[in-house]
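Report on the following structure.
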Amino acid sequence: MSDHESTPIVTLIDAARHFGPVRALDGVSLIVTPGDCIGLVGHNGAGKSTLVNLINGGLAPSSGDIAFPAADSARQAGVRSVFQELSLCPNLTVAENLRISHVALKGPNWRRPARAEIVQSLDTIFPGHGIDANAEVDTLSIAERQMVEIAIGFSPRGSTARLVILDEPTSSLDAGISEQLLVHVRRFCTEGGAVIFISHMLGEVFEVASRIVVLKDGKVVAERPTDEFTRQGLVDAMGHVAADNGEAAEIAGEFGPEIVRTEQGLSARRGEIVGLSGLAGHGQAEALAQLYLSRSSSWHPDRSPGAVFVAGDRQRDGVLPLWSILRNISISALQQCAKRGLVDRAAETRISDTWKRRIGIRTDDMTNPILSLSGGNQQKVLFARALASSAPVVIMDDPMRGVDVGTKQDVYAMIRTEAAKGGTFLWYSTETEEVCQCDRVFVFRNGEISAELTGSEITEENILQASFEMQEAS
Amino acid sequence: MKPVTKPWLWSWLAAAAAFALILALTSGRGAGELAYAALSFGAFAAIVGLGQMLVITLGPGNVDLSIPATMTLAATLALKAMGSEPGTALLGLAIALGVGAGAGLANYALIFLLRLPPIIATLAASLIYQSLAIWSNRGLRIKPPTGLADFATGRFLGLPNVAWVALALAILVWVILERSIWGRWLLASGQNLRAARLAGVPVELVRATTYVSVATFAGLAGYLLASFSGGAALNMGAEYLLMSIAVVVIGGSSIAGGNSNVPGVWGAALFMFLVVSMLNSYGAGAGARNVLTGAIIIAIVIAASTRRTRA
Amino acid sequence: DTSGKRIALSNNYAGNSWRQAMLQSFEDTGKQAVADGAVAAADAYTTSENQATEQAAQIQNMILQGYDAIVLNAASPTALNGAVKEACDAGVTVVSFDGIVTEPCAWRIAVDFAAMGKEEVDYLATRLPDGGNLLEIRGLAGVFVDDEISKGIHEGVAEHSQFEIVGSVHGDWAQDVAQKAVAGILPSLPDIVGVVTQGGDGYGAAQAFKAADRPTPLIVLGNRQDELQWWADQRDANGYETLSLSIAPGVASLAFWVAQQVLEGAEVPKDLTVPFLKITQDTLDASLATTPEGSVANVSYSLEDAKQVIADAK
Amino acid sequence: MNFLARHRIILPVVSLAVLLAATFYMQPRAMSYFGLNLLFNLAVPIALATIAQMMIIMVNDIDLSLGTFVSLAACVTATFLNDTPMLGLLILVALILSYALLGAVIHALELPAIVVTLGMSFVWGGLALFILPSPGGSSPDWLRMLMTVKPPFAPMAVVAAIIIAAVTHLLIIRSGIGTVLRGVGGNARSVERAGWPVIRLKALAYGLAGLFGVLAGMALVGLATSADPNIALRYTLLSIAGVILGGGEFTGGKVSPTGAVIGALTLTLAASFLSFMRLSPDWQIGAQGAILILVLTARLIFSRKGAGA
Ligand SMILES: Nc1ncnc2c1ncn2[C@@H]1O[C@H](COP(=O)(O)OP(=O)(O)OP(=O)(O)O)[C@@H](O)[C@H]1O
Ligand SMILES: Nc1ncnc2c1ncn2[C@@H]1O[C@H](COP(=O)(O)OP(=O)(O)OP(=O)(O)O)[C@@H](O)[C@H]1O
Ligand SMILES: [Mg+2]
Ligand SMILES: [Mg+2]
């Protein structure tokens, strides 16, 4: 890789960014040259997204220097970003969204080249994607939107992309599509482009990166070529003591009575962890939302709710943006500790303090606004909200989106403990690794259950096999 | 919650400034008289404003444009039922509140069952309420029972009775918003309805009770106003349409929902009365009065918002 | 012979008791006329918001419906001219009253609003020769009638220099708004000897004076029953004396008959005037006796009255 | 997927067609050149005002001052533009620019548009009262001529509606800048990240609203021949209803100019339809509300069908 000896695309020297007292980025030096594929990892709130925003000019550094040796600005230098939270205009079509970031598209008939360009880009990165360039973005699934955004990031747009920053691009993609992306990133880098790849899925990082940069509390704590890291070494560098995850799934069969059964065939017993799997967008999220909505009412308040929901799409389904962290956690548990319809504020504070400790929310004051937290920490708040309630069934819609490895291990352990106490979990995940930890797995295809796996049947191969339509002679 | 952010302060400052400017003209004469009038008339704006605030808190697009028609209808039916007979005040009150609640239910039914945007549903419904009011009494002005009229125009401990009613209502709303679970639900629904639903909030119950509350408040305001001014008139609520929205936003509640501000509503209600009085006292014509009122409203909003971002 | 002719009323506002009484008058007259075979139809149409645009559309619809005459109480003296011209061009007779239009092809049954305003001050001058401070309560800003009455009042004050208008508020012709506006300005006003109004706001003003513990000045009243009742009560209690000036809502029936006369081919001058309704101390009891509770004092006009008004104008 | 985009326009078209058929049935006289013009000519200023409101709704704001603004524009047209055309033109341009400025201020200070426009409604109304304390003024002759012109084949009202719809469709839906403007409503942050000066885009959207507001005022004067300061107060709510009826949504930049024009026509026609029903005056006002509910309820049937498809 080091044979691409040329001028760097961007150099950061001791760049720092503070938000009031929060030192989101605390002096980072980094050089990105053509051909680099940098894997950027770090715990939730380590400062990864902040670093991205400094490089692409979205934020100005509080101190330090950011230079583009070959150009005047990030835009001229060919720096492109694909952001952590989806940032397309949902009311516009795929092609029109390209127009937003492609200022040079002009003339009365700009639609034709716009369509051609985005289709070309999608075809290159995600062969067989099946996305219509004339479709409005809000008719696409979250995975398709992510794909469009990545395609726009890599598309030429009148110049060439030289550095593409991908902030957790695979968090809502399933394994197959993620693999297509990784292939493209590798190809892009060999052809002389540069990529900064941010992900909490360390496997992907190892697969794609030529160099790994580890951020911890706003500082670079390690920067080495990929082959000099081991998986455990990386996790250690990120500063979390990971729990032993070699542990096999517990023996099934010692569960309570069945307490969930849907028409679709989804079922769960007391104390069981049920996984939902399959390719993204095949109806898992809908099945879970349906289940939750049928077990709760928008009319009758329920003192002891039958189910709670952990959202994966936190902007749309989870976060109450004007509130403090504390109020965000307590909302589902309010009725449990109410006196004559009034909120018991002492109990509320108690709950939030307990969960801050148990799940490790990174903040010094739980009355801070929720939006001051990093993406992953907001996700932890949603977890805390669900677990703080006494509901027997916890429904989780890809809840680990953007949660770092260390926390994931903690949450897995927590889920195990709660399940042992009799809690039931329904857990949809885009990561097969997570699904494999469940007691039972339902695989979805085209909105229907295509397989039910238990115990030793739960393997990556079986899940994949059930996910894809098999050509069976009949 | 945090002492630094007090957007309601601005409405009170503006009200105080208008008050001072009037007194500057009279060199201090008539202060008590003016304050008394401001409290009397501010009370009506405060009652409808509190209701409108609850609805606006429900989030973008939520607003009740049927307040004037509901006031008129409730007052018309209540006064017709009382027929100036002594001892019927409570019956009238029950009818006014009942009509209000019924209007609120109807509004909500249109919004929920027919999925109409609230702004259109309440507008359309208000035309129907207006027709009902015309049909039921053809604009005949029936006097309230004497006892009721005396109560509405009377005072207790030096303050107008209507102001006491509005004050009690304000405290009730404040407690509900700040302390009750229903208040939390309302604020959560206002920020993100879908997220609130998925967090276990009975959002439709919250929305329904909110629309019923605002209409009930409007019914109460109509009942008191008709008793105060000697009878119901078909156009009696007209000026409370813009007024109810204005007092909410001048009072510092976020129009984006999820955030409300009870003391601000009272400050803004007093301000809206005092600013017109001030401009009248200084002899401003209708044109100047409107331009200045508008300019002051915008100035308050700007002041309150820059204050908020700095804090 | 007009027995085959159809007449429509175009009204622009229904939100107060005067308008309701007016609609009632038209309906009563119209029904009777249809029953007697004088005309084929007499339909009333109203819009809600006092808006010229809506009323213009209403007039255009009447043209389409083929009415032979339109009796019109207009939201604006000029903004309907386009629609009125279209009606005339289509051969429809247009008779405007109360709120008249300036379009030359239409008939006008006008009330001299300016004279009405002036008469208020003239009356005050006879009662209060020493003069003093006056409070003016105006109607809805930007509306023709408000402007005219106010002009007359100011003319009167210019003539009787012993009076000075020290305060002026807009009561929007609504009781509660007037009461509120007066209550707001009173604290800053010196002693007031008289209140000049546009009718309908007198009772609210009296309430505001009472609430402020001020002596009740001489308030020129309108024709609402509650105003008249208040006047009678005050008179019985302390000999209060004043004057009521207004337009009778029955003018709609006059306009109806004038339209019928035009359709019949009678020669009718384009500009007619109708006297305003005046109630004095002497006629108070009689008026009060004939006014339904909560309504407004009214006079209804017959075909003969219409013929008389037409003859007077020639 | 294009089906969805297309079917958003079907509903307004169908409701207009149904209403028109019912009107023709009740009043066959309306089915003529002359009749159509009478039915629709007053819809022209409403359509322009609805387009103005749509520009604001497109960027996720709402304008509560539009009615008073159109009234003010009408007052200026009937006075200054008639008496001293140059000065009149200057004032109208200044009004448009002040709208653009308003948009910029709202964006820069992050003010809620609904509040600022509520305040501005007092300001515009006050200015209109200054210019015309009582009704009057008169329409410039060329404007009167333009609004009463009798084109061949189709009456002025129909031709004007088609032109307004076509021009704004090209401007907002087809053109590049229109796409970016809708993008601001969809996701202002991503537009900003792509390097667009959002403050200028907002100013542009508001400026366009001002332009169409002024055109609405002028068209109104051309039809009415004169102005008064309260002439168009209804337009605020009518225009909002028109945008929604035309398939627009309050948030997310989902608007349809063609739909908005059709929405305005439908609202106007609905009022006429009621007129032809000869209800008792007691219920005429309520019937307006009822028909508004009825027409909008059709939306529900369509969205159910759409979800089923
Ligand atoms: N606008 C802001 N205001 C205040 N604090 C902020 C803001 N943006 C980020 N922070 C803080 O800066 C720190 C770094 O956040 P950043 O979003 O860069 O984390 P991250 O590494 O991307 O985390 P994740 O993996 O969860 O996305 C966090 O502690 C966050 O709370
Ligand atoms: N009624 C709807 N309107 C708009 N978008 C919808 C609707 N229903 C589903 N979607 C979108 O379509 C996507 C596909 O839903 P589905 O539940 O099949 O996918 P998923 O892969 O399970 O979801 P996720 O994106 O959470 O992984 C959803 O993510 C959602 O964003
Ligand atoms: Mg991040
Ligand atoms: Mg997914």
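The values are calculated or read from the model by the stated rules, or taken from the named source; none is laboratory data. Owing to the predicted nature of the structure, the values given are computational and were not obtained by experimental measurement. We place every Cβ from the backbone using ideal geometry, glycine too, and count neighbours over all the protein chains shown. With ligands, DNA and RNA removed, areas are computed over all heavy atoms of the protein, side chains included. Shrake-Rupley method; radii C 1.70, N 1.55, O 1.52, S 1.80 Å.
The table below gives the values:
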quantity	calculated
Relative contact order (%) - chain A, alpha-carbon pairs under 8 angstrom, separation at least six	17 percent
Where labels lie 7 Å past Cα in the beta-carbon direction, separation of B:L13 and A:S62 in nm	2.9 nm
Added length on full extension, which subtracts the Cα-Cα distance from 0.36 nm per residue, A:K421 to A:R261	55.5 nm
J(HN,Hα) series, region B:173-179, from Karplus relation 6.51 cos²θ - 1.76 cosθ + 1.60, nearest Hz, glycine and proline x	4, 4, 4, 4, 5, 7, 10
Hull-based mean projected area of region A:3-238, where the convex hull spans the alpha carbons, in square nanometres	12.9 nm²
Efficiency of FRET from Cβ geometry, D:L89 and B:S136, R₀ 45 Å, rounded to 0.05	0.30
Heavy atoms of A:R440: accessible area, 1.4 Å probe, square angstrom to 10	10 Å²
Accessible-area ranking of A:R186, A:R314, D:R299, A:R362, largest first, probe 1.4 Å	A:R362, A:R186, D:R299, A:R314
Extension reserve of the A:W299-A:E179 stretch, reckoned as 0.36 nm per residue once the Cα distance is removed	38.8 nm
For the protein assembly as shown, size of Cβ-based charge dipole, Lys and Arg +1, Asp and Glu -1, in debye	1060 debye
Region A:1-82: C-alpha gyration tensor shape, a/c 1.5 cut-off, then a/b vs b/c	prolate
Shape call, the protein assembly as shown: gyration tensor on alpha carbons, a/c limit 1.5	prolate
For region D:27-179, the fraction of alpha-carbon pairs in successive 10 Å shells from zero, as %	10, 30, 35, 21, 4, 0
Gyration tensor (alpha-carbon) shape descriptor, chain B, a/c threshold 1.5	oblate
For A:322-331, mean number of other protein chain Cβ atoms within 10 Å	4
Average Cα contact separation per residue, region A:3-238, under 8 Å, 6 or more apart, as relative contact order %	28 percent
Full-stretch length increase - D:I199, D:Y33 - with 0.36 nm per residue and alpha-carbon distance subtracted	55.2 nm
Dipole in debye (nearest 20) - region A:258-473, about Cα centre, beta carbon charges: Lys, Arg +1; Asp, Glu -1	1360 debye
Most to least packed among A:347-360, D:100-113 [average Cβ atoms within 10 Å]	D:100-113, A:347-360
Label point distance in nm, C:R127-A:D217, each placed 7 Å from Cα along Cα→Cβ	8.6 nm
Local electrostatic count at C:S17 - Lys and Arg +1, Asp and Glu -1, tallied over other residues with Cβ under 12 Å	+1
Peptide B:134-145, shielding by other chains (average Cβ, 10 Å cutoff)	6
Accessible solvent surface per residue of chain C, calculated while the other protein chains remain in place, 1.4 angstrom probe, Å²	32 Å²
Hull volume in cubic angstrom per residue (convex hull over the Cα atoms of chain C)	128 Å³
Shielding by partners - mean other protein chain Cβ count within 10 Å, residues of A:92-105	5
Percent antiparallel among DSSP beta bridges (both partners in region A:3-238, rounded to 5)	50 percent
Protein-only accessible surface order, largest first, of B:W182, B:W10 at 1.4 Å	B:W10, B:W182
For A:L59, residues with placed amide H under 5 Å, excluding near neighbours	A:L54
Calculated FRET value between D:D141 and C:D271, using beta carbons and R₀ = 35 Å, to 0.05	0.85
Whole-number Å³ per residue for the convex hull built on Cα positions in region C:28-170	132 Å³
Antiparallel content of DSSP bridges confined to the protein assembly as shown, in %, to 5	35 percent
Free-standing Cys, chain A [no other Cys Cβ under 4.7 Å]	A:C89, A:C337, A:C436, A:C438
Overall dimensions of region D:19-93 by Cα: Rg and Dmax, Å	17.2, 48
Gyration tensor over alpha-carbon atoms, region A:364-474, equivalent ellipsoid semi-axes in Å	31, 16, 12
Amide N of region A:385-421 lying under 16 Å from the label point, which is placed 7 angstrom from the Cα of A:E254 along Cα→Cβ	A:416-421
For chain A: lysine pairs under 23 Å (alpha-carbon distance), excluding those fewer than 8 apart on one chain	16
Ellipticity estimate at 222 nm from DSSP helix runs (n ≥ 4, -39,500 (n - 2.57)) divided over chain C, nearest 500	-14000 deg cm²/dmol
FRET efficiency estimate (nearest 0.05) - Cβ-Cβ, A:T124 to A:E85, R0 35 angstrom	0.90
Total charge dipole magnitude, region D:207-309, about the Cα centre, Cβ charges on Lys, Arg, Asp, Glu only, Debye to nearest 20	360 debye
A:G278 long-range amide H proximity, modeled H, under 5 Å	A:F444
Gap separating the Cα centres of region C:196-243 and region B:32-65, nearest whole Å	30 Å
Within chain D, helix-based [θ] at 222 nm, where runs of 4 or more DSSP H residues each add -39,500 (n - 2.57), nearest 500	-25500 deg cm²/dmol
Fluctuation leader among C:A208, C:A125, C:A266 - chain C, Gaussian network, Cα springs under 10 angstrom	C:A266
Rough spin-label spacing in nm, given labels placed 7 Å along Cα→Cβ, for C:D213 and C:E264	6.3 nm
Distance histogram for region B:174-222 (every C-alpha pair counted, 10 angstrom bins, percent rounded to whole numbers)	27, 49, 21, 3
Theoretical ellipticity at 222 nm over chain B - DSSP helices of four or more residues, -39500 (n - 2.57) apiece, nearest 500	-25500 deg cm²/dmol
Mean-position separation - Cα centroids, region D:126-205 and region C:126-195, in angstrom	43 Å
